[in-house]
Amino acid sequence: LMSGVKNNVGRGINMALVNGKTGELLDTKFFDMWGGDVAPLIEFLKTIQDGTIVLMATYDDGATKLNEEARKLISELGSTSITNLGFRDNWVFCGGKGIKTKSPFEQ
């Protein structure tokens, strides 16, 4: 879904959205949480449709620019670790928009 060869990964939070019914890749994005701004991440998280599988992974630093609103939106996708994510922590997560419980796929 994502790789350096496809040129769709970068420093910060890397994200892939997958249709929960068809398995079709919907979108990929990365958000620089060291030198960038959290606002584009927040806006992107708000556009995710119900039934979408959300895959996230950090590279280098995924936490410095995260604020309470961004962490809340990610926790609504099923994350329990996002509230404790710190500077240069490694984090991988698979959740979904509309999930009713916490995701078992997080480390």
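Numbers below:
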item	result
The one condition in (1) over 16 Å from Phe93 (Cα atoms); (2) within 14 Å of the chain's Cα centre (by Cα) that Lys6 fails to fulfil	(2)
Residue list for region 56-79, restricted to those being among the hydroxyl-bearing types (Ser, Thr, Tyr) and within 11 Å of the chain's Cα centre (by Cα)	Thr58, Ser75, Ser79
Subset of region 22-46 [open to solvent by 70 Å² or more (accessible area, probe 1.4 Å), more than 9 Å from Gly12 (Cα to Cα) and part of a loop (DSSP other than H, G, I, E, B)]	Thr22, Glu24, Asp37
Residue within region 83-102 that is modelled with pLDDT of 95 or more, part of a helix (DSSP H, G or I) and in contact with a strand residue (DSSP E or B) (Cβ under 9 Å, 6 or more places away or on another chain) present	no
Residue among Ile82, Ile53 that alone is within 13 Å of the chain's Cα centre (by Cα) and either open to solvent by less than 10 Å² (accessible area, probe 1.4 Å) or without any contact (Cβ under 8 Å) to a residue 12 or more places away in the chain (or both)	Ile82
Leading residue by the ranking (surrounded by the fewest Cβ atoms within 10 Å (Cβ to Cβ)) among those in region 1-18 that are hydrophobic (A, V, I, L, M, F, W, C) and touching a Lys or Arg at 6+ places or on another chain (Cβ under 9 Å)	Ala16
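For (1) part of a loop (DSSP other than H, G, I, E, B); (2) surrounded by fewer than 14 Cβ atoms within 10 Å (Cβ to Cβ), each residue gets a yes or a no:
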site: Gln49; (1), (2): yes, yes
site: Leu66; (1), (2): yes, no
site: Leu73; (1), (2): no, no
site: Gly78; (1), (2): yes, no
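The values are calculated or read from the model by the stated rules, or taken from the named source; none is laboratory data. Note that the structure is predicted; figures quoted are calculated from it, not measured. Note that each Cβ is placed from the backbone with ideal geometry, even for glycine, and that neighbours are counted across all protein chains shown. For the accessible areas, the whole protein counts, side chains as well, though only heavy atoms, and no ligand, DNA or RNA atoms are used. Shrake-Rupley method; radii C 1.70, N 1.55, O 1.52, S 1.80 Å.
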